[in-house]
Amino acid sequence: MPDEDTSRHERELEQQYVTMLYTRLDGLRRYAANRLSRVLLETGGTPQARSERESFNQLYTEDLAKYDAAENGLCFGRIDLDGEHRYIGRLGILDEENDYETMLLDWRAPLARPFYLATPAAPDGVSRRRHIRTRSRRVTAVNDEYLDLAAAEAAGTVTGSDGVAGESALLAALNAARTGQMNDIVETIQGEQDTIIRSEHKSVLVVQGGPGTGKTAVALHRAAYLLYTYRQQLAKAGVLIIGPNATFLDYIGQVLPSLGETGVLLSTIGDLYPGVRATVEDSLDAGEIKGSLDMLDVLKKAVRDRQEVPSRPVELTFDTYQVTLDRKVVTRARGRARSSRRPHNLARPIFVSAVIEALAQQLADALGANVVDGGNLLSRDDIADMRDEMREDPEIMRAISALWPELSPQQVLAELYASPKRLADAAPNLTEAQRDSLRRPGVRGFSTADAPLLDELAELLGVDDAAERERARRQWRAQIADAQGALDILTGSAPQDLEDELDPEILMAYDLIDASQLAARHDVGQHQTTAERAAGDRTWTYGHVIVDEAQELSEMAWRMLMRRIPNRWMTLVGDTAQTGDPAGTSSWQRILEPYVAKRWKLTELTVNYRTPAEIMTSARRVLAEIDPEQTVPRSVRESGFTPWALGVSEDDFPDTVRTCVSRETGPGTTVVIGGHDLVAALADLRSDSVSVLTVRDVKGLEFDSVLIAEPQDILDESPRGMNDLYVALTRATQRLGVVHTRPLPAVLSDLAPAEVGTQS
C-alpha cells in the first residue's frame, strides 16, 4: 500500500518547487496578457496588419485560457527514475533561464507515461511515484508509492497496490462530494485507462465498459491527448464529441477546458444538423421507427412523390398564345431529370429546361415553324429567345415549380408528418398504427430522431448553391481588388530614390505576398475557431469523432455520423447492457461492420471507480437478466451504506419521497429517478443540489445519492426497461434507496427492507 504523507521537510521541498512553477506560469500569463493588450490597442493599418492582429489576438487569447485552466492542480505528480525527477502536470513548462530545460511535463507527453503505467511488476525504471496534492497553490499532501523493492525497504514501506495506481489520491477523488460538474481525472488515470487514451489505433476504437468504469473521462482525456499529439492535423479538421443529451454536455463541459483544450465541438445527435434544435419528444414507438433503416425508403418515396405529373392538361398563356403542360411533356422531362441521378434540387434545372424546351417547341409548331426542314418563320435563335422569355414568365414558372418544387429537408419532413396521405404514399409498408405514431399535425419543431432524417433528406435533395457560389466569387474578386489596391499603395509610396539605394536582396512587403494571399488573411471566416466553422457547416468532415453512450445511437444516426468522419477515425464508448433506446444497439459488430468491415478494435474497462461494492451487488442480478455473459466491473471501494427499499401506500408515496430527499443533508448531489409521469409530478423537489430526472436524462451522469421512485414504472415504460433499471441503479457514488407502491421487482428483492423513518 502507498505510504502516508511524507515528512514535513519533503512537503516543504515540494512546495518550493511548486511555487517556482507557479511563478513561471505567472510570467507566461503576464507575457500573453501584455501582448494581447498591445494587439487590442493597435488600430488601423494595412489589411495585412489587421489580419496579423486578429491572428495574434486569437493566439494570445487561447494561451491565456490555457494558463488559467492550469491554475488548479498545475503540478500533481513526480516520478523518480535513474536519479532523475520528472514532474508531471496539466501543461508543459520550460525554464528559459536554464537552457530551456523541462520544469514540468505535460501529462500527455511520452516521457510522462510511466507515471500512469508503472507497476511493481513492471516499474519501467521508476523507483518511486509521488502524488502531489495542492489547493490554491499550496501543497497539502505528498503520497509516495515505491515500485522498486530495494527503495521500498530503505523507506520502510511496501510496494505499489493491487492494480490501482495512486490509491490514496484516487480514493480521495472518488469519495469527494459531487458538484454537478464532472472533474477531470488527469491526476488519477489508471493503467487500463491510459492504454486506451493513448491508443494509436487509426480506425474505430470501441471502449466497452460497465457503469462507473470511467468511459466518459477516458473519452475526454483521449480527445485532449489526440489534440496534443496530432495538433497540426486535428486543429484544422477538428474533433467532434457526441453526448446523449444536453444535461450530459453541461456536466462534462468544463473537463476539456481544464485540460487546456477549447476547440472541440460538443453536440448531441439532435443538435448536429445545423440550424435545427431538438425541441419535440417522440414516443418510444416513433423513435424506434425513425431510427430504423426502413426510413430510407420512406424518405426516398417522400421526395419522389414531390416530382408530380399533372392528372389533367394545364393550359398556360404565353404572349397571348396557348401552350399545354400535359402528362406526356412532364413525364418525359421527369424521366430526363431522374436519369441524371442527381439529387432532387440539383436535377430540377434539368426538369425545368426539358419542360421549357417542350413548351417552346409547341409554340414554334403552332406558329408554323419547321426548323428541321429549313423553315424560316422562326430561327433557332428565335426559339432560344422564346425559351429565355418563358423562364421569366411567372405563370409558366409557377406551374413548373408546382410539379417539381425546390425543397428543403425541413419542409419535406414537416409536410410528411402533417399529411396522412403523404405518409401513406411514402410508407406503404408501415402499419396504420406506425404511421399514426409518426403523424404530428400542427406541431412545430423536430425531435432528436428527426435530425438524422433531415440529414438524409439533405443528401436526397441536394443544395442548388450556384447563386451562392456566384455571390461568393464576386465577393472574393472584390476582396482581391481591395488587397491589390493596398499593395499598389505600398508599392507607390516607396520613394524612387530610396528604392534605388536599397540592397536588392532586401524584400519589401509587396515582394512577400500577393493580392490573393493578403485577401485570404483578411477573410473574417478564417478567424473563426474550427469548432465555430464546423458547427454551421453540414458538410464539414472532422479529423476525429468521439461518441459517448454510443450504444444509444440508431441506425439512421450512424449514417448521419459516418458522413462527418470519412476517414473513420473514431472512439466509441458505451455499454450494450445499458442500451435504453429501442432504436439503439446490443451489438457493436452489427453496427460497425457495414462501415469499416473488420477494421475496428474492441477494448474493455473492467474496474468500477464510481459505484460502491454494496450497490453493485444489487446491480449484478439486473445485469444477469440483461446478459448473463457480461461481467460486472470490479468495484474498488465500499461506501459503508447499505442499499434499501421502502414500500408505502399510494397516498403516502409523494410525502415519503420528499422526506427521503430532505434527509440528504450532507454535501454533494441527490437525484430522484423515475418514470416520465412521476418526474413531472415531483418537479417541485428540484433545487441546486437535487435533480428529478428520467433514466434517459441521467445517462452518463453520477450523483452522491440516488433515490429510485417506483422501479416497476421504469421497467414498464420501455421494451428495454431492465437496461434502464440497471442504469438507474448505478448512478450513485455513495447511497442508493428505492421507494415503491407497486410490488418490488424480483431483481431487487435482495435490497434491505426499510421502514418509514429508518432509511439512511
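The values are calculated or read from the model by the stated rules, or taken from the named source; none is laboratory data. Given the structure is predicted, the values throughout are model-derived calculations rather than measurements. Methodologically, a virtual Cβ is constructed for each residue, glycine included, from the backbone with ideal geometry; neighbour enumeration extends over all protein chains shown. When the accessible area is computed, the model is the full protein with side chains, heavy atoms only, and any ligands, DNA or RNA have been set aside. Shrake-Rupley method; radii C 1.70, N 1.55, O 1.52, S 1.80 Å.
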| message | Would you confirm, using the coordinates I've provided, whether VAL573 is within 30 Å of ASP297 (Cβ to Cβ), at pLDDT 95 or above, touching a helix residue (DSSP H, G or I) at 6+ places or on another chain (Cβ under 7 Å) and β-branched (Val, Ile, Thr)? | response | no
Of the residues in the stretch 564-595, those that are surrounded by fewer than 17 Cβ atoms within 10 Å (Cβ to Cβ) and outside any loop (DSSP other than H, G, I, E, B) come to GLN589, ARG590, GLU593, PRO594
Of those in the stretch 645-689 that are part of a helix (DSSP H, G or I) and β-branched (Val, Ile, Thr), the residue surrounded by the most Cβ atoms within 10 Å (Cβ to Cβ) is VAL657
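Might you let me know whether the stretch 706-728 holds any residue that is assigned to a loop (DSSP other than H, G, I, E, B), closer than 20 Å to THR741 by Cα, of a type in the set (A, V, I, L, M, F, W, C) and in contact with a Pro (Cβ under 8 Å, 6 or more places away or on another chain)? It would help to see each step written out before you state the result.
Residues of the stretch 706-728 that are assigned to a loop (DSSP other than H, G, I, E, B), as a first pass: 710, 718-720.
Now restrict to residues that are closer than 20 Å to THR741 by Cα: 710, 718.
Remaining after also requiring of a type in the set (A, V, I, L, M, F, W, C): none.
So far as the stretch 706-728 goes, no, none of its residues is assigned to a loop (DSSP other than H, G, I, E, B), closer than 20 Å to THR741 by Cα, of a type in the set (A, V, I, L, M, F, W, C) and in contact with a Pro (Cβ under 8 Å, 6 or more places away or on another chain).
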query: Hey, does the stretch 411-426 have a residue that's part of a loop (DSSP other than H, G, I, E, B), in contact with a Gly (Cβ under 9 Å, 6 or more places away or on another chain) and either open to solvent by 20 Å² or more (accessible area, probe 1.4 Å) or touching a residue at least 12 places away in the same chain (Cβ under 8 Å) (or both)?
result: no
Listed by first then second residue, the pairs whose first member lies in the stretch 9-35 and is under 14 Å from LEU104 (Cα atoms), whose partner is assigned to a helix (DSSP H, G or I), with beta carbons under 7 Å and at least 6 positions apart or on separate chains, are LEU25/TYR67; LEU28/TYR67
For the stretch 701-715, the count of residues that are under 21 Å from SER639 (Cβ atoms) and surrounded by fewer than 24 Cβ atoms within 10 Å (Cβ to Cβ) equals 3
Pairing a residue in the stretch 706-728 that is farther than 29 Å from ARG663 by Cα with any residue that is polar (S, T, N, Q), where Cβ atoms lie under 7 Å and the two sit 6 or more apart in sequence or on different chains, gives ARG720/THR579
Within the stretch 537-561, residues being closer than 18 Å to GLU593 by Cβ and open to solvent by 10 Å² or more (accessible area, probe 1.4 Å) number 4
Of the residues in the stretch 245-283, those that are touching an Asp or Glu at 6+ places or on another chain (Cβ under 9 Å) and open to solvent by 50 Å² or more (accessible area, probe 1.4 Å) number 5
Counting only helices (runs of 4 or more DSSP H) entirely within the stretch 252-355, those with at least 1 residues that are touching a residue at least 12 places away in the same chain (Cβ under 8 Å), acidic (Asp, Glu) and not assigned by the TED database to the domain that holds LEU220 are 284-291, 294-304
Q.
Can you confirm whether GLY83 is free of Cβ contacts under 8 Å to residues at least 12 places away in the same chain and either on the phi > 0 side of the Ramachandran plot or touching a helix residue (DSSP H, G or I) at 6+ places or on another chain (Cβ under 6 Å) (or both)?
A. yes
Q) Is it the case that some residue within the stretch 370-386 is open to solvent by 60 Å² or more (accessible area, probe 1.4 Å) and in contact (Cβ under 8 Å) with a residue 24 or more places away in the chain? A) no
Check whether at least one residue in the stretch 37-54 is in contact with a Leu (Cβ under 9 Å, 6 or more places away or on another chain), open to solvent by 80 Å² or more (accessible area, probe 1.4 Å) and modelled with pLDDT under 90, and report yes or no. no
Across the stretch 558-594, the tally of residues that are touching a strand residue (DSSP E or B) at 6+ places or on another chain (Cβ under 8 Å), of a type in the set (D, E, K, R) and in contact (Cβ under 8 Å) with a residue 40 or more places away in the chain stands at 3
